[in-house]
1. I'd like the full set of residues that are in a helix (DSSP H, G or I) and either within 16 Å of I24 (Cβ to Cβ) or of a type in the set (F, W, Y) (or both), limited to segment 325-350.
2. Got a sec? Which of L280, L261 is surrounded by 22 or more Cβ atoms within 10 Å (Cβ to Cβ), among the hydrophobic types (A, V, I, L, M, F, W, C) and assigned to a loop (DSSP other than H, G, I, E, B)?
3. Output the residues belonging to segment 283-314 that are within 28 Å of R228 (Cβ to Cβ), hydrophobic (A, V, I, L, M, F, W, C) and either surrounded by fewer than 22 Cβ atoms within 10 Å (Cβ to Cβ) or without any contact (Cβ under 8 Å) to a residue 60 or more places away in the chain (or both).
4. Could you check, for segment 62-85, whether at least one of its residues is within 24 Å of L151 (Cα to Cα), at pLDDT 95 or above, charged (D, E, K, R) and surrounded by fewer than 21 Cβ atoms within 10 Å (Cβ to Cβ)?
5. How many of the residues in segment 283-324 are out of contact with any helix residue (DSSP H, G or I) (no Cβ under 9 Å at 6 or more places or on another chain) and aliphatic (A, V, I, L, M)?
6. Give the residue that is farthest from T330 (Cα to Cα), with candidates limited to residues of segment 231-249 that are in contact with a Gly (Cβ under 7 Å, 6 or more places away or on another chain) and among the polar types (S, T, N, Q).
7. Restricting to segment 94-145, name every residue that is in contact with a Cys (Cβ under 8 Å, 6 or more places away or on another chain) and polar (S, T, N, Q).
8. Only residues in segment 28-40 that are at positive phi count as the first member; pair them with residues that are surrounded by 12 or more Cβ atoms within 10 Å (Cβ to Cβ) and of a type in the set (S, T, N, Q), Cβ under 7 angstrom, at least 6 apart or cross-chain, and list the lot.
Amino acid sequence: MDRATVSIAVTTDKVFMTIPTEPIGSIPRPPRLIQAIAASGDYADPKLDPLYEEAIRDTIERFEATGSPVITDGEQRKYHNFWTYCVEGLANTSPDGFRIPFAAGHIRHMPRLTSGPFQYKVSADRFLEAAMRYAHVPLKQAVISPSALSLMYPADGLPGYSREQFIDDLLREHETEVRSCLQKGAHKVQIDFTEGRLAIKLDPSGHLLNSFIDLNNLALARFSTEERKRIGVHTCPGGDRDSTHSAEVDYAELLPSLFELRAGNFYVALAGEPDRPHVLKIIRKHMKPDQRIFVGVISPIDGRIESAQEVCDRILQAAEYIPIEQLGTTDDCGFSPFSDDTSTSRDTAFAKIRARVLGTALASKIIAGR
């Protein structure tokens, strides 16, 4: 049993957390930071550094106060969003790239690569190092998937820079980022794969999803079996301004392929699903014996704060389908994957996280007493 599954203090009493629980990543930024970024117009403005540092420190303090045995830095310094943080500001990109349409009517854009070579401008291990200055419990680090970044390459190609060259560079950059996070002490490295469900919406034939799975497996194959035990994949239907981009897609079209990924951990958005037993049956059928499934028990895009009992009931339901030794809990998504999203407050986010921690502890106690 690792540090994240030992007993934790969730109230004044000690509760044994036999079911591991982890967050996904982002926490809403402090309003002061959001306003300062908007006024500057430059996420990387050095004048913002003190505000970023204060946001990281405050986020970690409040995260630890929830009792969460694993935390993140809340992605306070991921420039603009979880998807393009590593390529924001590259000189060889244009802002008119892949469009991500959300149900609420707004659209997010990825940058488009205009010439080679492809390389990261910022690596996530930088954020991990900054968080470690303040954290007293294990930290996980989220990174973007190779498949998401592959959408930067234009469909009509680039003169003098083939797609094959691009993929080689992309895989190298991703491996370097993940390996650096593992070596610097990340409890887990979580690969964000929100485009998985979106791929089915864009291409119902499944060809796009299969290409994503193949590409991400090329990346995962670069790590040892032991390393992959500390690597996970997160899937969700998106979450931005209390809206999704692919919630209408049946998980039956995604999950069988998802569990073919050679990762040791899977973080599956579930709390917001209208038919959770349907999803759990698919998970039970397709999960592998060496995979731990962290089911979402908190819905970040629902403004209501779940009760610990409600979370507990969701976990007990999941335990009917997933062996307890392979079960974990999480939030469906980050609370603010795009840094300018103010639809959820910091107070609400931390209250929901605390409900997840308390509910997981309650379910653990019930299951242990059976």
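The values are calculated or read from the model by the stated rules, or taken from the named source; none is laboratory data. None of these values were measured; they are calculated from a predicted model. Virtual Cβ from ideal backbone geometry, glycine too; neighbours counted across all protein chains shown.
1. Restricting attention to segment 325-350, the residues satisfying the condition of being in a helix (DSSP H, G or I) are 325-326, 346-350.
Those that are in a helix (DSSP H, G or I) and either within 16 Å of I24 (Cβ to Cβ) or of a type in the set (F, W, Y) (or both): R346, T348, A349, F350.
2. Values: L280 fails: assigned to a loop (DSSP other than H, G, I, E, B).
That would be L261, the only listed residue that is surrounded by 22 or more Cβ atoms within 10 Å (Cβ to Cβ), among the hydrophobic types (A, V, I, L, M, F, W, C) and assigned to a loop (DSSP other than H, G, I, E, B).
3. Going through segment 283-314, the residues within 28 Å of R228 (Cβ to Cβ) turn out to be 283-298, 300, 314.
Remaining after also requiring hydrophobic (A, V, I, L, M, F, W, C): 283, 287, 293-295, 297-298.
I283, M287, I293, V295, I298 - these are the residues of segment 283-314 that are within 28 Å of R228 (Cβ to Cβ), hydrophobic (A, V, I, L, M, F, W, C) and either surrounded by fewer than 22 Cβ atoms within 10 Å (Cβ to Cβ) or without any contact (Cβ under 8 Å) to a residue 60 or more places away in the chain (or both).
4. no
5. 1
6. S246
7. Within segment 94-145, the first condition is being in contact with a Cys (Cβ under 8 Å, 6 or more places away or on another chain), and the residues that meet it are 120-125, 128, 141, 143-144.
S123, Q141 - these are the residues of segment 94-145 that are in contact with a Cys (Cβ under 8 Å, 6 or more places away or on another chain) and polar (S, T, N, Q).
8. Filtered contacts from segment 28-40: no entries.
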